[in-house]
Structure formats: structure tokens, C-alpha cells
Amino acid sequence: MSRILVAMSGGVDSSVAAALLREQGHDVVGVWMRLHDVADTYSEFKKSCCSLDAADDARRVAAQLEIPFYVMNLEREFDAGVIQPFLTAYLDGRTPSPCVDCNTYVKFGALLGRARHLYDCDAVATGHYARRIVDANGRASLARARDAEKDQTYFLYGLRQDQLEHARFPLGELTKPEVRAVARSLGLATADKPESQEICFVPGGNYRDALRERAGWAPRPGAIVDADGSTVGEHRGSAGFTIGQRRGIGVAADAPRYVSRIDPLSNTIQLGRREDLETRHVALSGVTFVADEPPTGAARSFRAAVRIRHRSALVPATVRPATAHEPRRGGRWAIETDTPVWAAAPGQAAVLYDGDLVLGGGRIERPEAVEAA
């Protein structure tokens, strides 16, 4: 059996992940990660994975399971890999995917490195709903969880082969009710704890507060224009909007209007009707593949199903390289979907699937990048 470090957030999922690995006979080490200054406070509703009550809950579960427990400070790595890209994206008129960055650069980056060097662990396990499949040649694949409603592979597409080799997802074959049942049967302290539904370093849920407090953002009024370019209103700062947003715009029109474009340079918000936000063409940058290479080679197109946000439906598409010689990691690819997708937000992740298998993904670029590709 292996020595495995479990990233224990203080929630029921990671608690059960640790319990299952221990029952399987593995040598389990529990670690709660201190990621930012929110860890100095208690969560009012006890839903945050990064506050003091979460650390207390993780410690209590580790004691129940009789496994060693440590607190690891990864604030510097989290700030560089998650918080700063998050702030920069909004200020640049993009919509970030902080959970993708956290998994790629922190949990299966910095944490995995320390797990192997400090604790002599073979792998890092999390409470993600995802499956890891290893073939006869030892190659690892990432597959969707059995519980389709809880599947979290969208946030894990950036893992490399060397990371996936040392990743473990004990909950991949379980549903959420089954996980709760396991926790209750073991009497775990987190069995009935509510799920965390907020960005961990934005405890109030309003990312604009994070922009003000962490990036010094001072909202500056600017024009709101309609699809024809006519000015229809004024906003209080372009970084306070996201593509597809309808509420809070403050513009009356003959039909619902949605934010269709954000231009931070001119501080302009453009609106459109719902149909104006539909597209069959999506450009991606920073594309990576779980197998460390494209399914058909870097110079050839391939078919896949694409998901442009965590809860959106999978849409069949053709994926092609932007140039004849895209790099294996970090390249630019163009997607043409069979049916339109709605509100493809620059900065968000677009993840590619072949059935249940995750092929890879990248970050959505602005519409003009499609022509450039």
C-alpha cells in the first residue's frame, strides 16, 4: 500500500476521501492548507473551506481517523498562482477560473511537491468527484465521475501526466448521497456540514470587494453602449461586469440586454440581445492536454465535446490548431461547435471531452482571436 497525503478542507468530501483510503490500508497523512488571510477568521455560515472553523473540522476528523495531521502554509504559492491571476483577469475584462488554477498550481503543484519531499508520500488525494484510469502501460487518464451532477473534471483539465500519475480521487465512483452515508456511518464530524459554495478568498461572495481590497481597484464611470454603438447608459467600473450578465446593468430596453463585450481600455460595456451572445466559434489559448499531446497530433483537427463553463451542456465540436505547429502545451486552438454556445466568456475554461475522458482544455479568448486563429 501507498503513503498518501490527503488535502483535507474540513468538508465532508475530503473527510470521506481520507477515511476510504485509510480503510483500504494506505498510510494516510492529513493536511489542511493555509492559503490566504481569510484563514485568520471564522466563517459565519461555516461553509468556507479556508477559515479557522474549517481547519478545526479537518483536525477533528483526522483525530477520529487516527491519522497524523498538519497545517501547511501555501500562501505565497496561492497568491502567485491563483489570487493575482484572478485579480488581473477581472481588471483585463476577463472572467477567471480560480479553481482551475488552484488545482493545477497549488493542490497538484506545490502541495504535491511538498508531499513527496517532506512526508515521503507517493500521491496527493482530494475530495474531487473525478476518476483516474490507468492503462496497461501505466498511462493515466482523467474521466468524469459517476455522479454526473457532482463531476468536477472541468476544474482538473490542466493536470499533466506527471501530476495525474500521483493524483488520487477516492470519490470518483460515489454519489454525493453515498458520500454523506459513509460519513454518517463512521460518525465523522463533517457528515452533515453544508457545502462550500463561495470563492474561498472572497468570503462575502462579491469579487468586487476583492478587487478593491487586494488590487486597489477604484471604479471609474464609463459608457454602456448598445449593439449599434449608441450610448444607452453609464456604468461604475468595467471590472464589475462579466459576459452574459443581465442583472445590475441599470439599462431599460425593449427586450432583455446582456453584457456582450467588456473593453477595459476604453472602459466601455457593450450590450446585446440574447441571440447576439450566441456563437459557434470559440478561440482558446494556453491549451493543454491530459495525455501531454493532442489526440491526433499538433497539426491536425479532431472531434470532441466542449464545455464552456462548469454547469453548461457538452456540445459536439471540431477542434483545430491555430497554426500548423502548435506546442504540446500552451498553444492556441480554435473550436467550431455543431450548435451555438452562449456567452463564451474570455478567461473562462473550455474543456474538451471524448465520452467520459477529459482530453484537455484552455482559456477562452476574445471573439476577435477567432479570426486571428
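The values are calculated or read from the model by the stated rules, or taken from the named source; none is laboratory data. Treat the numbers as computed from the prediction; the structure is a model and nothing was measured. FYI the Cβ positions are ideal-geometry reconstructions off the backbone, even for glycines, and counts take in every protein chain you see. In case anyone asks, the SASA skips ligands and DNA or RNA and just uses the protein heavy atoms, side chains included. Shrake-Rupley method; radii C 1.70, N 1.55, O 1.52, S 1.80 Å.
Side notes on the structure shown:
- Directionally averaged projected area (the range 221-275, Cα convex hull): 3.3 nm².
- Protection proxy ranking for 57-63, 219-225, using the average of other Cβ atoms within 10 Å per residue and placing the highest first: 57-63, 219-225.
- Helical contribution to [θ] at 222 nm, DSSP H n ≥ 4, -39,500 (n - 2.57), averaged over the chain, rounded to 500: -5500 deg cm²/dmol
- Share antiparallel - DSSP beta bridges, the chain, percent rounded to 5: 75 percent
- Orientation-averaged projected area, Cα convex hull of the range 75-148 (nm²): 7.0 nm²
- Estimated distance in nm for a label pair at Arg139 and Arg3, the labels positioned 7 Å out from Cα along Cα-to-Cβ: 3.2 nm
- Less than 5 angstrom separates the built amide H of Val358 from those of Leu142, Ala143, Arg144, all sequence-distant by 5 or more or on a different chain.
- Rg to Rh, two decimals, where the range 86-237 supplies the alpha carbon set and Rh follows Kirkwood: 1.09
- Based on the Stokes-Einstein relation at 20 °C and a viscosity of 1.002 mPa s, and on the Kirkwood radius from alpha carbon pairs, the chain is assigned a translational diffusion coefficient of 98 µm²/s.
- Solvent-accessible area per residue, Å², over the range 224-340 with all protein chains present [probe radius 1.4 Å]: 51 Å²
- Convex hull volume of the range 214-307 per residue (C-alpha atoms, cubic angstrom): 168 Å³
- Zone residues, the range 4-40, relative to Asp120, backbone N less than 19 Å from point 7 Å out along Cα-to-Cβ: 4-6, 25-31
- Loop trypsin sites (Lys or Arg not before Pro), the range 299-373 (other Cβ atoms within 10 Å of the site Cβ: 16 or fewer; DSSP): Arg300, Arg311, Arg328, Arg329
- The convex hull built on the alpha-carbon positions of the range 153-192 has an orientation-averaged projected area of 3.8 nm².
- Linear extension gain, Arg247 paired with Leu91, 0.36 nm per residue minus alpha-carbon span: 54.2 nm
- Between the range 225-266 and the range 153-197, the alpha-carbon center distance in angstrom: 39 Å
- Degrees separating the helix 52-65 axis from the principal Cα axis of the chain, which is the longest one: 30 degrees
- Nearby aspartates and glutamates by direct alpha-carbon distance to Lys193 (threshold 17 angstrom, same-chain neighbours under 8 apart not counted): Asp13, Glu44, Asp53, Asp56, Asp57, Glu178
- With every protein chain in place, the chain: carbon and sulfur % of accessible area (1.4 Å): 48 percent
- Fully extending the segment from Thr175 to Thr318, taken as 0.36 nm per residue of separation minus the present Cα-Cα distance, adds 48.3 nm.
- The chain: relative contact order in percent, alpha carbon pairs under 8 Å with at least 6 residues between: 16 percent
- For His36, solvent-accessible area (1.4 Å; no DNA, RNA or ligand), Å²: 10 Å²
- Based on alpha carbons, the Rg and Dmax found for the range 1-138 are 15.6, 49 Å.
- Calculated FRET efficiency for the pair Ala299/Thr339, C-beta based, R₀ 22 Å, to 0.05: 0.25
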